[in-house]
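This report concerns only the one structure given below.
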Amino acid sequence: MTLPFEEWLPKQRWYAGRARVLERVTPSVVTVLAPDLEHVLLEAAYTDGGTEVYQMFVGWDLELAEEFVGQATIGVQDGRTGCDALFSEDAARRLLAFIQAGTVVDDLRFVPEPGGEFATDLPARVIEGEQSNSSVIFDSQAILKVFRRVISGQNPDVELNRVLARAASPHIAPLLGAIESVAGDGGPTSLAMVTAYAPNSADGWSMAIASVRDLLAEADLHADEVGGDFASEAFRLGEAVAEVHATLAIELGTSTQPAPLAEMRQRLDRSVAEVPELAGVEAAVLERLRVLDGPVTVQRIHGDLHLGQVLRTPDHWFLIDFEGEPGQPAQERRRPDSPMRDVAGMLRSFDYAANQLLVNEPDDEQLAYRAREWVQRNRGAFCDGYGSISGVDPRAMPGVLGAYELDKAVYEAAYEARHRPDWLWIPLKAIRELLDTPDQPAA
């Protein structure tokens, strides 16, 4: 008898194969860490011939908090009950201790960062609701993030956090350690990471939404007059992003390469096939993208930057989740790109923060005007902050920035058509505005 992974895996929030037909789940590699604790790689095979690899720590007859028993229990094998060990406080603490000790078991390596000491006897709890990873918080001092879907190679979240931490960047939660497996070529495959926890922090998305709500509730005040004005924070966020870009450029270098125009055209083709409304603007979008038909300066960047990927601590803005665009191979997510990719992602996020509150009232002209005022103010503040550090205001490169914004909006349109049709009007409106603003990106 084996554990019923085929029944348990599809029920997990981080399972990515819901659009496919699962044929079987096979434990491909099992590493015994203790008599009651194993690391398991699961190969999920689909009827379309494709496969994915997931990882988990399996615990045997472990004590679980009552609220987690149903969610964490996998099943019974040879008289022992197997569970997702991350939900066991004792097992989670042991994983932390393995990292601190630099434990090596077969091809599994627990790697501490130099100077990254931390306590291993802290209370532990799983963060619920994550879509692609699982994280355990240790008493607001450290956080262990386990990458559930294993992609061969070094995860950029580990790599870039390590680079920034060793460069003493104030805009990340310092990396404390990682868990890796050794591939056949000797290179590491990232499995998990531990960073310092950011106490008393708020995510940028929640802060921005609160600011927009304050503005929409005040019919006779402008964006700079309401108590929840976000512009000063947007300016500081722009500074933080520019400082991270500068550190990555110093530590990992820059180069001149052909712009990713071919990838943008492919994304446009796929999106047009999914979103009929894009067909009428396809030629105009393509014409605007052609400004990138030449070399651009590229470097390592965040790759998927938006307001949900930043935290405001009492002292600094932090950038988090340097994994890059979800679903892409590790090699693609580690590929250098223009810093304008990150800037465009954040500018599009300001647009979303304001307009998502109008989803149920898209035709209210007064609310739309006030939302547009908020977007303009905060986009401008972000660019001002970015330019104050980088020396170049992103708006001084309207062609390049506009192309990256269009590319992002095209991607958003396909995403909304698949997952949130009621939100599709947000990126479609942005595309129209970007196309109507030839001399500068939409403000």
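Quick notes
- Residues considered: GLU233, GLU277, GLU239. Of these, the only one that is part of a helix (DSSP H, G or I), in contact with a Lys or Arg (Cβ under 9 Å, 6 or more places away or on another chain) and assigned by TED's automatic domain parsing to the domain that holds VAL392 is GLU233.
Residue by residue, here is whether (1) within 26 Å of the chain's Cα centre (by Cα); (2) outside the structural domain of ALA173 (by TED's automatic domain parsing); (3) more than 27 Å from ALA259 (Cα to Cα); (4) buried (at least 22 other Cβ atoms within 10 Å of the Cβ) holds:
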{"position": "THR297", "(1), (2), (3), (4)": "yes, yes, no, no"}
{"position": "GLY303", "(1), (2), (3), (4)": "yes, yes, no, yes"}
{"position": "GLN309", "(1), (2), (3), (4)": "yes, yes, no, yes"}
{"position": "PHE318", "(1), (2), (3), (4)": "yes, yes, yes, yes"}
{"position": "ALA353", "(1), (2), (3), (4)": "yes, yes, yes, yes"}
{"position": "LEU358", "(1), (2), (3), (4)": "yes, yes, yes, no"}
{"position": "GLN366", "(1), (2), (3), (4)": "no, yes, yes, no"}
{"position": "GLU373", "(1), (2), (3), (4)": "no, yes, yes, no"}
{"position": "GLN376", "(1), (2), (3), (4)": "yes, yes, yes, no"}
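- Flag if TYR46 is surrounded by 18 or more Cβ atoms within 10 Å (Cβ to Cβ) and hydroxyl-bearing (Ser, Thr, Tyr): no
- Put simply, of ALA208, ALA223 the only residue that is at pLDDT below 95, touching a helix residue (DSSP H, G or I) at 6+ places or on another chain (Cβ under 8 Å) and outside the structural domain of GLY102 (by TED's automatic domain parsing) is ALA223.
- Candidate set: segment 140-173, residues that are more than 25 Å from ALA249 (Cβ to Cβ) and aliphatic (A, V, I, L, M); chosen: the one surrounded by the most Cβ atoms within 10 Å (Cβ to Cβ): LEU144
- Enumeration of residues in segment 1-31 that are among the hydrophobic types (A, V, I, L, M, F, W, C) and surrounded by 13 or more Cβ atoms within 10 Å (Cβ to Cβ): LEU3, PHE5, TRP8, LEU9, TRP14, ALA16, LEU22, VAL25, VAL29
- Among (1) within 25 Å of GLY129 (Cα to Cα); (2) over 28 Å from the mean Cα position of the chain (by Cα); (3) at pLDDT 95 or above; (4) of a type outside the set (Ser, Thr, Tyr) - the single one LEU3 does not satisfy: (3)
- Breaking point among (1) among the hydrophobic types (A, V, I, L, M, F, W, C); (2) within 22 Å of MET193 (Cβ to Cβ); (3) without any contact (Cβ under 8 Å) to a residue 60 or more places away in the chain; (4) crowded, with 20+ Cβ neighbours inside 10 Å, for ALA119: (4)
The values are calculated or read from the model by the stated rules, or taken from the named source; none is laboratory data. Quick caveat, the model's predicted, so the values are computed rather than measured. So basically every Cβ, Gly included, is an ideal-geometry build from the backbone, and we count neighbours across all protein chains shown.
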